[in-house]
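Working notes for the structure below.
The values are calculated or read from the model by the stated rules, or taken from the named source; none is laboratory data. Keep in mind that this is a model prediction, so the values were computed, not measured. Because the Cβ atoms are built from the backbone with ideal geometry, glycine has one as well, and the counts that use them run over all protein chains shown. For the accessible areas, the whole protein counts, side chains as well, though only heavy atoms, and no ligand, DNA or RNA atoms are used. Shrake-Rupley method; radii C 1.70, N 1.55, O 1.52, S 1.80 Å.
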Amino acid sequence: MKIGFNEGCNRFCENHSVLEDLDLCEKYGFDYIDIQSECLDREIAAGKYTIDDLGAWFADPKHHLKMLSYNALIFFNMKQTQEEKDAVMAKLDQIIADCNKLGCKMIVVVPSKDMKERGLTPTRKEIREDAVAVLKEMVKKCEPHGIRLSLEFCGEPSMTINRFEDAYAIVEEVNSPLVGVTLDQYHFYAMGSGWDTLEKADGKKIFVWHLNGTEDMPCGAYYNNDEKRLWPGEPGDCLDHKRYADTLKKIGFEGDVCTMEVFRPDYYKLSSEENIKKAAEVTKAHVAKYWAD
């Protein structure tokens with residue numbers, strides 16, 4: 001099992017820089033990085049570096065670190081006007097161009113949220129049908145570039161796709177080798193996704209596995225949010241990490257990477273180097289404990 005770092009862990013550390021993260025992730029033994037679009041957009045706008053600078057880093061043969069995913073194209077579904085729909089596809093075009101420069105073959109796509117604020121009350125069926133249609137159009141753009149799409153359900157009540165079983169049903173209906181699911185342990189827990197569905201899933205359809213722990217919060221509570229995440233195994237972590245690992249092995253997960261992703265404010269008080277070093281230590285310990293066999 002290889003290890004990856006998601007910049008959610010350190011995106012608000014002082015003087016954050018994606019370009020610096022590449023060097024630090026390589027220094028502390030990560031194999032992959034999920035680059036966060038939030039960091040990328042913010043820092044390119046500030047002139048810290050360019051996409052071409054990052055592309056040159058990855059193209060340099062002395063570096064072994066690879067980009068696992070562009071994380072993410074957010075709020076891709078349930079658009080109501082043609083202008084909104086066109087904007088999503090234009091954003092996808094831009095991300096594909098960036099991924100080609102970065103050697104990246106995966107784009108995480110995140111569902112829309114806050115339908116109530118838009119005067120909408122879509123059913124699960126309506127959400128599923130819309131997501132399937134949009135993802136099929138996205139596949140047409142990604143296929144010539146060999147880029148895959150990984151749908152990340154997000155475990156909060158306001159998200160249109162907030163449980164594993166819903167995301168998995170969408171992926172099954174799209175029925176493309178280029179479309180799979182991002183399984184984030186926190187999101188799985190936060191809205192009570194069903195273990196029965198995960199245990200029967202085709203592991204080949206799980207493209208990305210986000211590793212994290214979390215405090216024991218009520219399912220769906222307004223205060224049960226990303227800030228409650230923990231390094232896995234930290235005091236207060238309630239997740240059954242053995243069950244996640246054993247289930248992924250059983251169903252044939254082939255991603256061969258677990259990517260650490262936490263969004264805890266206390267961790268942002270660390271320097272980026274301290275944060276990445278800690279993330280590497282915890283991820284390596286997790287792999288040694290649950291994937292040694």
Self-check item: Counted residues, the stretch 191-224 - those being farther than 26 Å from Lys2 by Cα and of a type in the set (A, V, I, L, M)
Solution: 3
Self-check item: Given (1) closer than 26 Å to Phe263 by Cβ; (2) surrounded by 19 or more Cβ atoms within 10 Å (Cβ to Cβ), index of the condition Lys105 fails
Solution: (2)
Quiz item: Name the pairs whose Cβ atoms lie under 9 Å apart, with the first residue in the stretch 33-53 and farther than 19 Å from Ala279 by Cβ and without any contact (Cβ under 8 Å) to a residue 24 or more places away in the chain, the second part of a loop (DSSP other than H, G, I, E, B) and hydroxyl-bearing (Ser, Thr, Tyr), and 6 or more positions between them or separate chains?
Solution: Ile44/Thr50
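Of the residues that sit in the stretch 1-32 and are part of a strand (DSSP E or B) and open to solvent by 30 Å² or more (accessible area, probe 1.4 Å), which one is farthest from Glu274 (Cα to Cα)?
Filtering first and then ranking leaves Lys2.
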Self-check item: Failed criterion for Ala90 (all others in (1) open to solvent by 60 Å² or more (accessible area, probe 1.4 Å); (2) over 21 Å from Glu173 (Cα atoms); (3) without any contact (Cβ under 8 Å) to a residue 24 or more places away in the chain hold)
Solution: (1)
Exercise. Pick out, from the stretch 124-213, the helices (runs of 4 or more DSSP H) lying fully within it that include 2 or more residues that are buried (at least 20 other Cβ atoms within 10 Å of the Cβ) and on the phi < 0 side of the Ramachandran plot.
Key: 124-142, 164-174, 185-190
Quiz item: Given the conditions (1) under 23 Å from the mean Cα position of the chain (by Cα); (2) open to solvent by less than 60 Å² (accessible area, probe 1.4 Å), and given that Asp60 satisfies all but one, which numbered condition is not satisfied?
Solution: (1)
Quiz item: Which of the residues that make up the stretch 250-277 are surrounded by fewer than 14 Cβ atoms within 10 Å (Cβ to Cβ) and either in a helix (DSSP H, G or I) or modelled with pLDDT of 95 or more (or both)?
Solution: Lys250, Gly252, Pro265, Asp266, Lys269
